[in-house]
Amino acid sequence: MKPDQQSDIVRRLHCAAGHLDAVIKMAEDDEPCEQVLYQLTAVDAALRAVGARIILCQAQSSQTIILESPSVTQRSTELKRLQSLYTILMK
């Protein structure tokens, strides 16, 4: 992962953590369930967006191996790795 990609991902994670802290406070303050759940879905969406960024970074770094490696095994392994990451994200 490139340094600018890493700093963007870390920044987004900190932002999501801040939102989650706010959701926890809402639950502690006995806010209405609808409001807590609405904010919780926003946190979930933010985390999924970060996950997608992580997969994009990996895909960019895997691109050379997938497109240029003379080894079919190496290309296949890299594609399986990306598929595994995507599967994890979609759970």
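Please treat every number below as a calculation from the coordinates, not as lab data. The structure displayed is predicted, hence computed values, not measured ones. All Cβ positions, even for glycine, are placed from backbone atoms using ideal geometry, and neighbour counts span all protein chains on display.
Could you say which residue among Ser7, Ser61 is in contact (Cβ under 8 Å) with a residue 60 or more places away in the chain and either part of a helix (DSSP H, G or I) or touching a strand residue (DSSP E or B) at 6+ places or on another chain (Cβ under 8 Å) (or both)? Explain how you work it out, then say what you get.
Values: Ser7 fails: in contact (Cβ under 8 Å) with a residue 60 or more places away in the chain.
Going through Ser7, Ser61 in turn, the sole match is Ser61.
Condition (residue is loosely packed, with under 14 Cβ neighbours inside 10 Å, acidic (Asp, Glu) and part of a helix (DSSP H, G or I)) applied to the stretch 75-82: is it met by at least one residue?
No, that holds for no residue.
Restricted to the stretch 54-88, and to residues that are in contact with a Lys or Arg (Cβ under 7 Å, 6 or more places away or on another chain) and not small (Gly, Ala, Ser), which residue is nearest to Met1 (Cα to Cα)?
For the stretch 54-88, the residue satisfying everything is Ile65.
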